[in-house]
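Chemist: This is the structure I want to talk about, given as structure tokens.
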There are 2 protein chains.
Amino acid sequence: MANEETYISPESYPMVGGDGPHSYVKNSTFQRGFVEATRRMVLAAIAEKLDLKSLGIYSASTFQIADLGCSVGPNTFIAVQNIIEAVEHKYMEAENQNHSTLEFQVFFNDHSNNDFNTLFQTFPPDTKYFAAGVPGSFHNRLFPKSSLHIVHSSNALHWLSRVPEEITHSKSPAWNKGSIHCTGFVKDVAKAYSAQFSNDLESFLNARAEEIVPGGLMLILLANIPDGIPMSRTPEGIHYNFLCSCLYDLAKMGLVSEERVDSFNLPVYHPSLGEFERLIKRNPNFSIERKDMFTHPLMHKVYCAKFWAGLFRAATEGLFEQHFGSQQVVDQIFKYYSRKLEQNISFIMEGKTHDRIQLCIILKRK
Amino acid sequence: MANEETYISPESYPMVGGDGPHSYVKNSTFQRGFVEATRRMVLAAIAEKLDLKSLGIYSASTFQIADLGCSVGPNTFIAVQNIIEAVEHKYMEAENQNHSTLEFQVFFNDHSNNDFNTLFQTFPPDTKYFAAGVPGSFHNRLFPKSSLHIVHSSNALHWLSRVPEEITHSKSPAWNKGSIHCTGFVKDVAKAYSAQFSNDLESFLNARAEEIVPGGLMLILLANIPDGIPMSRTPEGIHYNFLCSCLYDLAKMGLVSEERVDSFNLPVYHPSLGEFERLIKRNPNFSIERKDMFTHPLMHKVYCAKFWAGLFRAATEGLFEQHFGSQQVVDQIFKYYSRKLEQNISFIMEGKTHDRIQLCIILKRK
């Protein structure tokens, strides 16, 4: 329920709000690539797998959709619009009608410190649904029992509810000094990250099992890493390692303390494909109905350093502020990192890496 | 639906957000007086008038509540908590149980430029309901058909969807030059304001008639003026007249143009008790179940000028900015007004006036 997410917890880092140069609104083209690339998959999944009759959907019904980890627009609006079009199409086909009388209610969810003001003020002018914002962590219950027909979550489940505690202690075998993410090279660190992801995913699935009506669908988009490949050999992994080296540079220059860099970790984990499927199958409430894999359409385009720096800053600025203190220091961190990224962009973008697997998985509530 | 309220319309002026010295959060004690004074009435109305069986409420049900024109906390949280306690009490009594298994979903509604971020970040830590924010004007549809069990609206319906057009034209017989509200002294102005209120209330009731389940309740709190008494003889009316004189003072000093003051009007109308009842009875979808009248508990306390100036600024700052331009000018307007109010507070507070009638009216969806 709402109480656990009422106040800004140190572990909730929303995307940068507003519409300034560092905002998510202005730096989310990459994430939109996900939404656009999966449009056909979402349409096909709803056409094949959604059974309106067994859901009890009839002409006077309300069809309820939630987007979990929505951030601010416009990606969430596009994703929701795709779902609504697919459901309407299916409904009109089933009823042999050329217009739909269904009403849609759409819940946009993210942490309570997400910029809902910007979200609400940038709704597209032609929305044909009743919109609501739902503040809170999707690792907890957010909605009443059996109240949702389709849940969507794009590029959000890799955010952990917290950094695993053991990797931040200098006396723990899992201390992650010298890294800021799960590189995949240190067994104890990988175990700690993996356990946190497993717990978080279980909480997520159990909460949704209560909220989704039997027969309802869950559409999850998530970047997985190929089985057996460490994160450090993916483009993001290389990018995080590069960022880590920047932070240690700045520690040497005296801008931040080395101890603060030692204890800094991203609350982010990309599971391998096998690991993710295994964890989903362990939950008895959902069946896997469809699974599509694709390469992100922008992955091999040579984007400029500014593009990547903007993308990364929009997603993580709050997290850096939380750990390193003032906005001024964070500005300097990102300034140094952007400059150095520019000098090294070809190394980052063209290094011999393994692509992540962009997975679109469709689950049905049994 | 959401589209009409998507972008900030010139006619939506939310309370001042955040928690600064001019915010609604810090300047809403007066409004809280309403909520506290009506607690007993709300409890009694729900106990007497809500029929859980006819609503189809059983143990696994979700009970849906909306607060329309909620602004930011804490008043809306207190009002919602009162309703939930009353419904739970009624449910436990009917089921002969000592705990309730009902789940509550609460929708907090206000204009899309309301400060939802502050609302979401100040939820009390012990909320036992699923919360959602709904952006949009309550003069339009906001929720799916037959989806709400109780609708609450406190001290909000006097806000019109717009200033009546005819009172702003210099060639109209209803031109309201020299006043900034419906004083009650000019027939054509009063007619224009009354017609706008009547249209707005009709839109409000028709939208709610679709959204509230048969048997569901609507609890409306609104300050009415006594029949036959012009607004200018109520404390608020005197206050608005005083503010108007301040604006003309400032025009003489050259801070604002006289034309801007001539065309400034508050989109606010307090109906007389008879008028309000007549308009409600005209709508065939609701029955009046209960009607309580009371005097606001703070009305006769001698509050300082700062208190009243703060209360008024929190509710109207956006409106002044919209009309008079820069924040700097608005600051100067409120500075002058506060100082002059201090010099005249006894005249305003102790003038021979007629109290407004604080009305708590309970409607049932037929």
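Chemist: I'm checking my understanding of the structure. Among residues of region B:71-83 that are within 13 Å of chain A (Cβ to nearest Cβ) and buried (at least 23 other Cβ atoms within 10 Å of the Cβ), which one is modelled with the lowest pLDDT?
Modeler: Across region B:71-83, the extreme among qualifying residues is B:VAL72.
Chemist: Every residue in region A:337-363 that is open to solvent by 30 Å² or more (accessible area, probe 1.4 Å) and outside any loop (DSSP other than H, G, I, E, B), please. Even if it seems obvious, please write down each step before you answer.
Modeler: Taking region A:337-363 first, the residues open to solvent by 30 Å² or more (accessible area, probe 1.4 Å) are A:338-340, A:342-347, A:349-350, A:352-355, A:357.
The answer is A:SER338, A:ARG339, A:LYS340, A:GLU342, A:GLN343, A:ASN344, A:ILE345, A:SER346, A:PHE347, A:MET349, A:GLU350, A:ILE357.
Chemist: If the requirement is being hydrophobic (A, V, I, L, M, F, W, C) and closer than 30 Å to A:GLU317 by Cα, which of these qualifies: A:ALA66, A:ALA94, A:ALA86?
Modeler: One residue alone meets the criteria, A:ALA66.
Chemist: Looking at the structure I just gave you, is A:PHE120 touching a Lys or Arg at 6+ places or on another chain (Cβ under 8 Å) and among the aromatic types (Phe, Trp, Tyr)?
Modeler: Details: touching a Lys or Arg at 6+ places or on another chain (Cβ under 8 Å): no; among the aromatic types (Phe, Trp, Tyr): yes.
No, not satisfied.
A quick yes/no check of all residues on (1) at the interface with chain B (Cβ under 10 Å from one of its Cβ atoms); (2) over 26 Å from B:TYR129 (Cβ atoms); (3) touching a strand residue (DSSP E or B) at 6+ places or on another chain (Cβ under 6 Å):
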{"residue": "A:HIS99", "(1), (2), (3)": "no, yes, no"}
{"residue": "A:SER112", "(1), (2), (3)": "yes, no, yes"}
{"residue": "A:ALA132", "(1), (2), (3)": "yes, no, yes"}
{"residue": "A:HIS139", "(1), (2), (3)": "no, no, no"}
{"residue": "A:VAL151", "(1), (2), (3)": "no, no, yes"}
{"residue": "A:ALA156", "(1), (2), (3)": "no, no, no"}
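Chemist: Where in region A:100-162 are there strands (runs of 3 or more DSSP E), lying fully within it, with 2 or more residues that are of a type in the set (Phe, Trp, Tyr) and in contact with a Ser or Thr (Cβ under 8 Å, 6 or more places away or on another chain)?
Modeler: So the answer is A:103-110.
Chemist: Filter region A:44-70 for residues that are among the hydrophobic types (A, V, I, L, M, F, W, C) and loosely packed, with under 14 Cβ neighbours inside 10 Å; which is nearest to A:ALA132 (Cα to Cα)?
Modeler: For region A:44-70, the residue satisfying everything is A:ALA60.
Chemist: Then there is this: Among the residues of region A:249-270, which ones are under 22 Å from A:TRP159 (Cβ atoms), out of contact with any His (no Cβ under 8 Å at 6 or more places or on another chain) and not in a loop (DSSP other than H, G, I, E, B)?
Modeler: Once the filter is applied, which keeps residues that are under 22 Å from A:TRP159 (Cβ atoms), out of contact with any His (no Cβ under 8 Å at 6 or more places or on another chain) and not in a loop (DSSP other than H, G, I, E, B), region A:249-270 yields only A:VAL261.
Chemist: Can you pull out the residues in region A:39-62 that are within 14 Å of A:PRO214 (Cα to Cα) and within 14 Å of another protein chain (Cβ to nearest Cβ)?
Modeler: Selection gives A:ILE57 alone.
Chemist: Among the residues of region B:191-212, is any part of a strand (DSSP E or B) and more than 16 Å from the chain's Cα centre (by Cα)?
Modeler: yes
Chemist: Small (Gly, Ala, Ser) and within 28 Å of B:ALA37 (Cβ to Cβ): is that true of B:SER154 in this structure?
Modeler: So B:SER154 fits the description; yes.
Chemist: Also, quick follow-up: How many residues are open to solvent by less than 10 Å² (accessible area, probe 1.4 Å) and either closer than 17 Å to A:HIS270 by Cβ or under 16 Å from the mean Cα position of the chain (by Cα) (or both) when one looks only at region A:161-178?
Modeler: Counting residues in region A:161-178 that are open to solvent by less than 10 Å² (accessible area, probe 1.4 Å) and either closer than 17 Å to A:HIS270 by Cβ or under 16 Å from the mean Cα position of the chain (by Cα) (or both) gives 3.
Chemist: Another question about this same structure. Which ones in region A:227-248 are open to solvent by less than 30 Å² (accessible area, probe 1.4 Å) and part of a loop (DSSP other than H, G, I, E, B)?
Modeler: Within region A:227-248, A:PRO230, A:THR234 meet the criteria.
Chemist: Which of the residues belonging to region A:107-138 are under 18 Å from A:ILE150 (Cβ atoms), under 17 Å from the mean Cα position of the chain (by Cα) and open to solvent by 10 Å² or more (accessible area, probe 1.4 Å)?
Modeler: Passing the criteria: A:ASP110, A:PHE138.
Chemist: Being in contact with a Phe, Trp or Tyr (Cβ under 9 Å, 6 or more places away or on another chain), open to solvent by less than 40 Å² (accessible area, probe 1.4 Å) and more than 23 Å from B:ASP19 (Cβ to Cβ) is the filter here, so list the residues in region B:84-106 that pass it.
Modeler: B:ILE84, B:VAL87, B:TYR91, B:SER100, B:LEU102, B:GLU103, B:PHE104, B:GLN105
Chemist: Those residues that are in contact with a helix residue (DSSP H, G or I) (Cβ under 7 Å, 6 or more places away or on another chain), open to solvent by 20 Å² or more (accessible area, probe 1.4 Å) and over 30 Å from A:ILE362 (Cα atoms), I need them from region A:252-285; list them, please.
Modeler: Once the filter is applied, which keeps residues that are in contact with a helix residue (DSSP H, G or I) (Cβ under 7 Å, 6 or more places away or on another chain), open to solvent by 20 Å² or more (accessible area, probe 1.4 Å) and over 30 Å from A:ILE362 (Cα atoms), region A:252-285 yields A:LEU255, A:SER257, A:GLU258, A:ARG260, A:SER263.
Chemist: Does region B:117-129 contain at least one residue that is farther than 17 Å from B:VAL72 by Cβ and either more than 14 Å from every other protein chain (Cβ to nearest Cβ) or of a type in the set (Ser, Thr, Tyr) (or both)?
Modeler: Looking only at region B:117-129, we keep the residues that are farther than 17 Å from B:VAL72 by Cβ, and these are B:126, B:128-129.
Filter once more, so that each one left must be either more than 14 Å from every other protein chain (Cβ to nearest Cβ) or of a type in the set (Ser, Thr, Tyr) (or both): B:129.
Yes; the residues of region B:117-129 include at least one that is farther than 17 Å from B:VAL72 by Cβ and either more than 14 Å from every other protein chain (Cβ to nearest Cβ) or of a type in the set (Ser, Thr, Tyr) (or both).
Chemist: If we keep just the residues of region B:71-93 that are in contact (Cβ under 8 Å) with a residue 60 or more places away in the chain and among the hydrophobic types (A, V, I, L, M, F, W, C), which is farthest from B:ASP115 (Cα to Cα)?
Modeler: B:VAL87
The values are calculated or read from the model by the stated rules, or taken from the named source; none is laboratory data. Since the model is a prediction, treat every value here as computed from it, not as a measurement. So basically every Cβ, Gly included, is an ideal-geometry build from the backbone, and we count neighbours across all protein chains shown. Only protein heavy atoms, including side chains, enter the accessible area calculation; ligands, DNA and RNA are left aside. Shrake-Rupley method; radii C 1.70, N 1.55, O 1.52, S 1.80 Å.
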